[in-house]
Amino acid sequence: MNAPDAVKAAREILAGKTPMKGDCGRICGAVCCSPDETGKGGMLLFPGEEGLYDPLPEGFCILPDDSVILGGYLLTCEGYCDRELRPLSCMFFPLRPTFKGDVRIDRRGLSTCPLAEYGVNGLDSEYVKAAREAANVLASCDEIKEYLRALGAHIKRVQEASRF
Ligand code: SF4
Ligand code: SF4
């Protein structure tokens, strides 16, 4: 499966699935959709995902971002979006897919997301099942598998650097 098809398939699997029953944004004020300390917010796109945003929906902006892979992209938003349009990273959060086709808590969310501290098993089981299925589809694409490997290494690097 090529990258755009894998991204589309993962999006379909996760469509309508949420980390807990109900709107978790109501317990935290949707902190994961708020701008960061630099006044910007954004989610890295998976390889091939940028093609799904042509034409670009209102309020979204796509910028080049080489922090994880060369030729990568970051999508920025205005803190609100239609569920059908949100990037795959947002659909997974507070999980993230791994290159092994599984999921883990996205450690970037540990200081902000109140759900993250409960671990994978603290999230809605249907959501976790769908996230695992979506991660498995993504990891079956070599291009995305390499991206996920690089993403894991990137997160580790950033966390190690923040300890000093
Ligand atoms: S930060 Fe966590 S609890 Fe809050 S909206 Fe995002 S995923 Fe839900
Ligand atoms: S794209 Fe949507 S879900 Fe993702 S951070 Fe922006 S508003 Fe939140």
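Every number here is computed from the coordinates shown, using simple stated rules; none is lab data. Predicted model, so just to flag it, every value in this text is computed and none were measured. All Cβ positions, glycine included, derive from the backbone under ideal geometry; neighbour counts span all protein chains shown.
Here is the size of region 51-116 from its Cα atoms: Rg then Dmax, 13.3, 35 Å.
Quick one: plug the Kirkwood hydrodynamic radius of region 92-164 (C-alpha pairs) into Stokes-Einstein at 37 °C, 0.692 mPa s, and report D in µm²/s. The Stokes-Einstein estimate is 259 µm²/s. When the alpha carbon gyration tensor of the chain is reduced to an equivalent ellipsoid, its three semi-axes come out at 20, 19, 18 angstrom, largest first.
Less than 5 angstrom separates the built amide H of L95 from those of D106, all sequence-distant by 5 or more or on a different chain.
Considering helices alone, the calculated mean residue ellipticity of the chain at 222 nm is -10500 deg cm²/dmol, with DSSP H runs of length four and up weighted by -39500 (n - 2.57) and normalised per residue.
R163 sits among other residues whose Cβ lies under 13 Å from its own Cβ, and their net charge, with Lys and Arg +1 and Asp and Glu -1, is +2.
Panel order for M20, M43, by other beta carbons found within 10 Å of each beta carbon, from fewest to most: M20, M43. For region 1-60, the square roots a ≥ b ≥ c of the C-alpha gyration tensor eigenvalues yield an a/c of 1.5 or more together with a/b not exceeding b/c, which makes the shape oblate.
Here the contact order of the chain, divided by its residue count and restricted to Cα pairs under 8 Å and six or more residues apart, works out to 31 percent. Sites listed here are GluC sites (Glu not before Pro) in region 49-145 whose DSSP assignment is loop and whose Cβ has at most 10 other Cβ atoms within 10 Å: E58. Residues whose amide H falls under 5 Å from that of L44, counting only those 5 or more places apart or on a different chain, are L75, with hydrogens built in the peptide plane. Under 5 Å from the amide H of M20 lie the amide H atoms of D124, each residue being 5 or more positions distant or on a separate chain, with H modelled from the backbone and absent for Pro and chain starts.
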